[in-house]
1. Using the structure shown, decide if A160 is of a type outside the set (D, E), in contact with a Leu (Cβ under 6 Å, 6 or more places away or on another chain) and either modelled with pLDDT of 95 or more or buried (at least 24 other Cβ atoms within 10 Å of the Cβ) (or both).
2. Do any residues in the stretch 287-308 that are free of Cβ contacts under 8 Å to residues at least 12 places away in the same chain and under 15 Å from Y56 (Cα atoms) have Cβ atoms under 6 Å from those of residues that are open to solvent by 10 Å² or more (accessible area, probe 1.4 Å) and part of a loop (DSSP other than H, G, I, E, B), where the two are at least six apart or on different chains, and which pairs are they?
3. Can you confirm whether the stretch 117-138 contains a residue that is open to solvent by 40 Å² or more (accessible area, probe 1.4 Å), at pLDDT 95 or above, under 24 Å from L27 (Cα atoms) and among the basic types (K, R)?
4. Considering only the stretch 137-158, I want to know if a residue exists there that is in a loop (DSSP other than H, G, I, E, B) and more than 17 Å from L271 (Cα to Cα).
5. From the list K222, K253, K281, exactly one residue is open to solvent by 60 Å² or more (accessible area, probe 1.4 Å), in contact with a strand residue (DSSP E or B) (Cβ under 6 Å, 6 or more places away or on another chain) and of a type outside the set (D, E). Which is it?
6. Any residue at all in the stretch 246-254 that is over 30 Å from A92 (Cβ atoms) and β-branched (V, I, T)?
7. Considering only the stretch 236-250, state which residues are within 30 Å of C196 (Cα to Cα) and outside any loop (DSSP other than H, G, I, E, B).
8. Out of K194, K178, K168, K188, I need the residue that is surrounded by fewer than 17 Cβ atoms within 10 Å (Cβ to Cβ) and among the basic types (K, R). Which one?
Amino acid sequence: MKEKVFFIPVKDNESDSAVAQRVRNCLSEKMLLDHVKDRDMVAIKTHFGETAKSGYARPELIKTLGGIVTEKKGLPFLTETSTLYKGNRNNAVEHIMLAHRHGFGYENTGLPIIMADGLLGDQETEVSVGGRLHESVHVAALVSMVQSMIVVSHFTGHLAAGFGAALKNIGMGLASRKGKLNQHSTAKPSIKSKKCTQCGVCITWCPESAITMGDDSAVIDKAMCIGCGECLAVCRFDAVGYNWAVTYEDLQKKVVEHALGVVRACPGKILFVNVLTRMSKDCDCMDSFEKMLPDIGILISFDPVAVDAASLDLVEGRGGKSLSDMAYNIPYRCQIDHARDISFGNPDYELVTYQG
């Protein structure tokens with residue numbers, strides 16, 4: 001049986017308020033949030049963007065989704081996780097400050113922001129997935145504590161994953177730091193002696209006592225290291241190095257298996273909302289932004305694989321060429337193919353157009 005994916009077409013550069021209103025109408029008429037009950041805690045996962053000019057889903061849409069949950073007497077909030085790389089989002093404090101700068105503060109959305117993986121990205125839960133690459137994965141602890149989630153994903157190209165949408169937004173975006181490290185690398189961390197200040201913070205935080213202080217810098221015992229990445233998070237001087245090398249196919253497969261972990265960890269329904277506007281060849285983590293094709297619309301489904309498959313088909317149909325010709329010339333359907341291989345979701349979908 002094909003999975004339903006609701007499609008709300010939008011005009012190019014249509015106003016955020018007009019789009020949000022049509023999303024509200026669709027959700028109401030199709031009863032897509034009727035599973036929300038009194039006092040259900042509902043996490044709304046999105047991406048706040050690295051810079052103000054990137055194409056992330058806008059606060060107006062988030063406000064609308066939160067408003068519907070509130071009307072159903074649920075308790076909605078915004079959530080995200082910390083990044084691995086140094087930037088504006090690698091800890092809860094700076095990440096939330098950036099979210100406020102980009103208009104996601106309570107005054108604009110009516111929603112508090114609660115980080116899904118804690119202050120430093122290490123609050124996690126382990127979930128059995130029985131995948132081809134992982135027997136279990138580590139995802140943000142908050143995922144297993146809410147009654148429901150709404151995942152708002154902005155479709156973009158991606159220099160390693162081929163494209164980013166719902167699967168990547170939960171697979172990478174709701175993994176704990178350990179889960180992110182696992183997806184990005186097969187190596188363990190090392191200390192950059194020239195940058196190490198010998199402050200000893202990494203030694204204090206290492207859960208396995210695998211770090212000691214050498215003559216010139218801290219030193220990691222690779223035999224004792226478990227690859228948790230605690231040192232990467234607590235070092236404030238960029239003195240912890242990591243081998244980020246991983247093949248495109250392996251990365252995409254790991255993303256999918258972590259996405260499966262998120263779906264299994266959440267005790268209630270997850271509604272996936274893919275935003276196909278302001279689409280660029282690069283993900284919203286990048287500083288650059290160049291629109292790669294006109295706006296298409298909003299897609300909504302309870303199946304992350306179906307909504308991503310539909311999004312990809314619509315993007316290529318509107319662009320008139322493959323995504324690799326519009327973004328990066330790398331394999332990009334591995335996410336969908338691997339999900340099918342491990343019986344996760346349904347890539348066969350029925351597109352239901354909503355014009356209201």
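The values are calculated or read from the model by the stated rules, or taken from the named source; none is laboratory data. Treat the numbers as computed from the prediction; the structure is a model and nothing was measured. With ideal geometry, Cβ positions are generated from the backbone for all residues, glycine too; neighbour counts draw on all protein chains shown. Just the protein is used for accessible areas: all its heavy atoms, side chains included, with ligands, DNA and RNA removed. Shrake-Rupley method; radii C 1.70, N 1.55, O 1.52, S 1.80 Å.
1. no
2. S288/D282
3. Within the stretch 117-138, not a single residue is open to solvent by 40 Å² or more (accessible area, probe 1.4 Å), at pLDDT 95 or above, under 24 Å from L27 (Cα atoms) and among the basic types (K, R).
4. First, pick out the residues of the stretch 137-158 that are in a loop (DSSP other than H, G, I, E, B): 145-147, 155.
Add one more test, that the residue is more than 17 Å from L271 (Cα to Cα), and what stays is none.
Checked the stretch 137-158: no residue is in a loop (DSSP other than H, G, I, E, B) and more than 17 Å from L271 (Cα to Cα).
5. On inspection, the qualifying residue turns out to be K281.
6. Yes.
7. Across the stretch 236-250, the qualifying residues are V240, G241.
8. Details: K178 fails: surrounded by fewer than 17 Cβ atoms within 10 Å (Cβ to Cβ); K168 fails: surrounded by fewer than 17 Cβ atoms within 10 Å (Cβ to Cβ); K188 fails: surrounded by fewer than 17 Cβ atoms within 10 Å (Cβ to Cβ).
Answer to the check: K194.
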